[in-house]
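Data first, discussion second: the structure below is written as structure tokens.
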Amino acid sequence: MRPPVLLLLVALSVLTPATAAGQVAPRRRDPGRLPPERIVNRDTKVVLLGTGTPNADPDRFGPAVAIIANGKPYLVDAGPGVVRRAAASEKSGVVGLAVKNLNIVFLTHLHSDHTLGLPDLMLSPWTLERTEPIRVYGPKGVKAMTKHILEAYAEDIDIRLNGGEPSNQTGWQVEAHEIDAGVVYQDSNVKVTAFRVDHGKWPESLGYRFDTPDRVVVVSGDTRKTEAIVQQCQECDVLVHEVYSAAGFQRRPPEWQRYHSQYHTSSAELAELASRAKPKLLILYHQLFWGTSDTDLVSEITSRYGGRVVSGKDLDVF
Ligand SMILES: [Zn+2]
Ligand SMILES: [Zn+2]
């Protein structure tokens, strides 16, 4: 037999606390306990979206790192596959990487392996309901690059805006910021400091330091051994640093050895750098293995450096 409606209403009023004005009072939470989704949101996370190089390794997409602070994603670089890697990470349970929330990126430099995903990052999230213009920070040349990308896709943008697709009018737009060393961005979740690194003949190449309430994260970008890393890290929580294998280097032709030693950091050099930067965790990315394995590469460093070292893989979360 079904209970009379009046009885049901009485029962509900007993179960639901109500204010004098008849409104439902907000549910109290034990302040010491947060539901799991809040814990994930609160802690700063470092997600390796892509750990690759120009080598077309199918297991390593182009360089891109997400720092998630208070549930908001801040990207460093936009290598090929960045948007789909963010979607994959979200699908695996990482909170904060919904594609429509990707609206800010800090580019280290304009090498194609770090920027081939930029058109994707500018345009795909827009078609997936991002309404804010994307903010792109980076060295000189970023304004021209983003302008040219929009020009290249002018037909697409026009059709999506005016061809009957229920698209929004703003999410395709770009705010490009050409920056130099110093604090380049700040909000209630994070302070972002750019610093110059030494990437061969590039006139401007940047690394980034992220200060959040619970972590300091430094991302090297592409660089040869650079003193700025030591100054910026200073016992930071996480140092994400590029590297090439010192053993693999020996097998490279002389003209490539000349190039790599000017543009990138060997495992031996990184070990020396890390011993002075003293990160709580050193994550290797943008690894050039040349026939060595992750384990070999880590050993090349730990044979000279006593701290924690991990060879990063795509979709790793730290
Ligand atoms: Zn690179
Ligand atoms: Zn580069």
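Taken together, the values in this text are just the output of simple stated rules run on the coordinates, not laboratory data. Quick caveat, the model's predicted, so the values are computed rather than measured. A quick note on method: Cβ atoms are made from the backbone with ideal geometry, for glycine too, and the neighbour counts reach across all protein chains shown.
Going by the conditions given, is Glu235 in contact with a Lys or Arg (Cβ under 6 Å, 6 or more places away or on another chain) and either closer than 15 Å to Leu273 by Cα or surrounded by fewer than 22 Cβ atoms within 10 Å (Cβ to Cβ) (or both)?
Taking the combined requirement at face value, the residue satisfies it.
Looking at (1) in a loop (DSSP other than H, G, I, E, B); (2) surrounded by 18 or more Cβ atoms within 10 Å (Cβ to Cβ); (3) out of contact with any Pro (no Cβ under 8 Å at 6 or more places or on another chain), can you tell me which one Ile283 breaks?
Here Ile283 clears every test but (1).
Considering Val190, Val217, Val174, Val183, which residue is among the hydrophobic types (A, V, I, L, M, F, W, C) and without any contact (Cβ under 8 Å) to a residue 12 or more places away in the chain?
Matching residue, one of Val190, Val217, Val174, Val183: Val183.
Could you tell me which numbered condition Ile301 fails, if it satisfies all but one of (1) touching a residue at least 40 places away in the same chain (Cβ under 8 Å); (2) within 16 Å of ligand 1 (Cβ to nearest atom); (3) over 18 Å from Thr44 (Cα atoms)?
Every listed condition holds for Ile301 apart from (2).
Could you please find all residues in segment 250-271 being within 16 Å of ligand 1 (Cβ to nearest atom), part of a helix (DSSP H, G or I) and in contact with a Leu (Cβ under 9 Å, 6 or more places away or on another chain)?
Passing the criteria: His260, Leu270.
Of the residues Ile229, Ile159, only one is in contact (Cβ under 8 Å) with a residue 24 or more places away in the chain, in a helix (DSSP H, G or I) and not polar (S, T, N, Q); which?
After applying the criteria, what remains is Ile229.
Quick check, is Asp113 charged (D, E, K, R), within 16 Å of ligand 2 (Cβ to nearest atom) and within 13 Å of the chain's Cα centre (by Cα)?
Taking the combined requirement at face value, the residue does not satisfy it.
Starting from residues that are of a type in the set (Lys, Arg) and more than 16 Å from ligand 1 (Cβ to nearest atom), keep the ones in segment 186-223 and report whichever is surrounded by the most Cβ atoms within 10 Å (Cβ to Cβ).
Selected residue: Arg209.
Kindly provide the set of residues from segment 209-227 that are in contact with a strand residue (DSSP E or B) (Cβ under 6 Å, 6 or more places away or on another chain), away from ligand 2 (no atom under 16 Å from the Cβ) and not β-branched (Val, Ile, Thr), ordered by number.
Answer for segment 209-227, where residues must be in contact with a strand residue (DSSP E or B) (Cβ under 6 Å, 6 or more places away or on another chain), away from ligand 2 (no atom under 16 Å from the Cβ) and not β-branched (Val, Ile, Thr): Arg209, Phe210, Asp211.
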